[in-house]
1. Being touching a Lys or Arg at 6+ places or on another chain (Cβ under 8 Å) and crowded, with 20+ Cβ neighbours inside 10 Å is the filter here, so list the residues in region 779-790 that pass it.
2. Would you mind finding the one in Asn611, Asn618, Asn591 that is under 15 Å from Pro421 (Cβ atoms) and in the same structural domain as Gln659 (by TED's automatic domain parsing)?
3. From Val310, Val273, Val286, which residue is among the hydrophobic types (A, V, I, L, M, F, W, C) and more than 23 Å from Leu950 (Cα to Cα)?
4. Does region 45-60 hold any residues that are over 17 Å from Asp32 (Cβ atoms), touching a residue at least 40 places away in the same chain (Cβ under 8 Å) and not hydroxyl-bearing (Ser, Thr, Tyr), and which are they?
5. Can you report the number of residues in region 12-43 which are more than 17 Å from Asn97 (Cα to Cα) and modelled with pLDDT of 85 or more?
6. Can you name the residue in region 357-398 that is over 29 Å from Asp422 (Cβ atoms) and under 27 Å from the mean Cα position of the chain (by Cα) and is also surrounded by the most Cβ atoms within 10 Å (Cβ to Cβ) among such residues?
7. If Glu260 passes every condition in (1) over 25 Å from the mean Cα position of the chain (by Cα); (2) at pLDDT below 90; (3) within 29 Å of His849 (Cβ to Cβ) but one, which one does it miss?
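The values are calculated or read from the model by the stated rules, or taken from the named source; none is laboratory data. Not measured: the values here are computed from a predicted model. Methodologically, a virtual Cβ is constructed for each residue, glycine included, from the backbone with ideal geometry; neighbour enumeration extends over all protein chains shown.
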Amino acid sequence: MKNNIFLICATFLFFSWTAFAQTGSVKGKVLDGSFPLPGAIIQLKGIQKSVSTDFEGNFTITGLKSGNYTIIISYVGYEKSNQDVIVESGKVAKVPNIYMKSTSDELQEVVVSGSVSRRLSEAKALNIQKNAINLVNVIAADGIGKLPDRNAAEAVQRIPGVSVERDQGEGRYVAVRGLPAEWSSTTMNGNRLPTAADEGASRATAFDFFPTEMIGYVEVAKALTPDIDGDALGGSVNFITKTAPSKFTVDATIGAGYNEKSDKGVYSGSLLVGDKSKNGKFGYIVNLAQWNRNWAADNFEARRSGDEGVYRLELRDYTGERKTTGFNGGFEFNPDEKNKLFVKLNYGKLLDKELHYKQRIRFDKFNDVTNTGRVELQNIYNELNFDFYGAEVGGKHIGNKGVLDWSAAHYSTEFYYGNVPDAKNNSYYSTFFKQDGVGFNSDYIEDRGNGPRAYWNTDGGYMDTNNMFGYLSDSNFQTSPDQMTFTTLELYKVGVKEKDNIVATVNYELTANDNLVLKFGGKFRDKDRRATFSDEFYNWTGNGAVPTLNSYGEYNIYQPGGKEYLNELNTNIGNSFGPVLSKNGLNQFYNDNFSNGNLTLSEADSEILANGGGLGRNFDVDETHTSGYGMATYKINDKLTFLGGLRATYTNTKVSGYQYDVSDENPDGLLSKVTKTKRYLSLLPMLHLKYMADENTNLRLAATRTFTRPDFGYLVPGGTYLAADNEYDGGNPDVNPTYSYNFDVMGEHYFGKLDVVSAGVFYKLITDPIFMDTRQGDINGHTGVEISQPLNGDNAWLFGAEFSGNKKFDFLPGFFNGFGVQANYTFTKSEMTIPGREGKTSLPRQGDHLVNAQLYYEKGRVNVRAAYNFKAKYITEHGGSGLKRDDVYYGNYSALDANLSFKISKHVTLFAEANNLLNQKLEYYYGDDSRPKQVEFYGIRGQMGVKWSL
């Protein structure tokens, strides 16, 4: 079936391409100085037909009869322009570059000086949004550069309805309209990328590997059209890489700064070179960027069981060095007016070297006779790597009645640990020590029938973070390196490699008449993913005495930043930390003991295939996606435009995993390989209406159907069956994709030069959401088994409202007319039913409130901007008990960033930026924030630098 769909599409496109030989076409480019203007409206005088310019400022009008025409070009913030052109049958008439004149004194000043406009980005973004038929938001590269957003994920957090999920204080995953990140599509140049971004098995793309300097535009489509991949319930976020400029361009940036938490430096640099030949036939861009930063995080995590107190408190102190490297290369060849060929090459790498010390306070080991307990120390080092490679070739060909474009691409991503502790055991490497007999303050610890727990004199162990370290007030709380005894060495091994071996795309846009444009196309993707995992624990079996921390005294250090640990909570707990192993000490311990028989693998403690562990994380996926679509855009009259069509996507997934059975017949366990397939056809109708009440007012309505494929981890076949407990834990290759019917209404009004207000509502009816289920049943020939695996749940819904505004106060006198404000607010509410759980609950990772606000000052040579971001609490995990107290929430989070730039000459600009000025804690908690699960602080970071542009 998949081949038939693609063949039909290709055949139709070929015959359409060769038809209609009695008409001609027009092509051109719209610019402001050397800067292309995307989203400009190109209207033929006296004819209803119109088009808009693409992201490079180019436009094409096909299906024109021979004759003389006048083109009218309009752009918000610019004066209208006219251009005469003569069309001949069978030919493409190229009009000279069209240079627009701004109605804003500030933008006119930019053209004269040749500098990058501080308001040009708003003009680009607003024109694209204004003239699109569907609901989109856009950020241009110069808009991204106004704020200290250093990776691709952070670049979109200012867009209405869009938020980011963070890792170590930096944006990583992109979420749209309150839905999980894996329910949205994050793409590059229109192609969804492989997702081997971490040890998980979701389909969410982590974009912290790609620097913002590579990005030309970000386009967020909240209501999809049939020519966009339909696997996006929340929306589609498309990062468009920079392309060849219209003239010789050189941009270079260098910066240096400081991270307050790590007390070390931050460094960045980028270089862009690009040009086009005088005849316009050849163009190139080469873009490199690197961002090095020392980072640190202070974290504590409380381990609980139900509504009991805390049985273990982990005090985690992280330091590390991250390096993000990016490359973007673009090359194009225009042999004649009808044809264009291009090549795009992309590379991104994230290297994170992490040194981590974890003090684990074991309240469950408390002895009420001696008033002592146990402290465990983990010394951890790893080098996390994520590599991305992308290559795409394609072309665009203009015919008499239509435009054909095609591309073929290959993408590869890989997540792996570096050569730690050595090249044979690439791992997240940790050594454990413990010390019993450490004095605790017994006033905070009780045994209420579940063993010793820390309750802080409250029911349920509610914690006041301003007084949570009272158990250390006992003068006997002290660790000593000669009593810290080795217990375990851990090698945590993860390898994930995912490739889109071929992504082939073809589209054909046919001008049927002045009012009707038809578009057809197809896409094929061949994907594979290979995931390996093991968590190995090695215990001491050497002939000599078990080592203590003091045995490696020459490598004992006080942990970096330990004295200032959690100073945000006004505590001096860091003064209680004893010595730890340095990075060299970790290496020496491994070299001394791993290969000489002193350490032996403990299969009982390890999670390895041999004992049925890690089955859900050791698997192979082979998957193909085959799509075909057809759509029509019909201009009913000057005010009303209709777009409708259908996308059909066929998914064929084969997953190979493992089954592990422990029974009377196989008491040692039997491991076998299992392979399952899943095939389904997704039919996705999409309808849009755009009504232009006047030149500056739009109303859009959309009704679409989209879907999301199950996460890879959900589809893993096999699992572990334990006869002694009659329990089975595994995946479910039969789980169905999740679908959503989406309804949107959005209105917007443009006023002033570049000002806009918009408001709208949206509703999603979601079918077959996936949840983790535990039930009694029969499986693999076993009866009455307690089965834990993913299942499809009942329908869910999400309702939302969105408000956005952009206003510069240019009506104020003198100095004050440089001020302006941008703000947006999104409200969402959801409801879902989880079988076996009483009452309703919300969708995972859906926060009720999302706020973005920017106050800026732009005048003359100065640009100052402060940006505030807020996302309300949301559920990350639904607890198995069905009680709110066991649901895990991500707490309210606010961030404030700022940027200042000053142009000292035509070519040189100075800048300064600061992130995380509020230094608000990142927090996960059970039920409410009095029962924290994880609390983390990152500190403030910033840098200063200079940018040189030719």
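1. Matches in region 779-790: Ile787 only.
2. Asn591
3. The conditions single out Val310.
4. Hits for region 45-60 are Ile47, Gln48, Lys49.
5. Residues that pass the stated criteria total 1.
6. Only one residue tops the list, namely Gly390.
7. All conditions are met except number (2).
Residues are listed down the side, and each one gets a yes or a no for (1) buried (at least 22 other Cβ atoms within 10 Å of the Cβ); (2) hydrophobic (A, V, I, L, M, F, W, C); (3) under 30 Å from Tyr75 (Cα atoms); (4) outside the structural domain of Val76 (by TED's automatic domain parsing):
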{"position": "Thr677", "(1), (2), (3), (4)": "no, no, no, yes"}
{"position": "Leu689", "(1), (2), (3), (4)": "no, yes, yes, yes"}
{"position": "Met692", "(1), (2), (3), (4)": "no, yes, yes, yes"}
{"position": "Asn696", "(1), (2), (3), (4)": "no, no, yes, yes"}
{"position": "Thr704", "(1), (2), (3), (4)": "yes, no, yes, yes"}
{"position": "Asp711", "(1), (2), (3), (4)": "no, no, no, yes"}
{"position": "Gly731", "(1), (2), (3), (4)": "yes, no, no, yes"}
{"position": "Tyr741", "(1), (2), (3), (4)": "no, no, no, yes"}
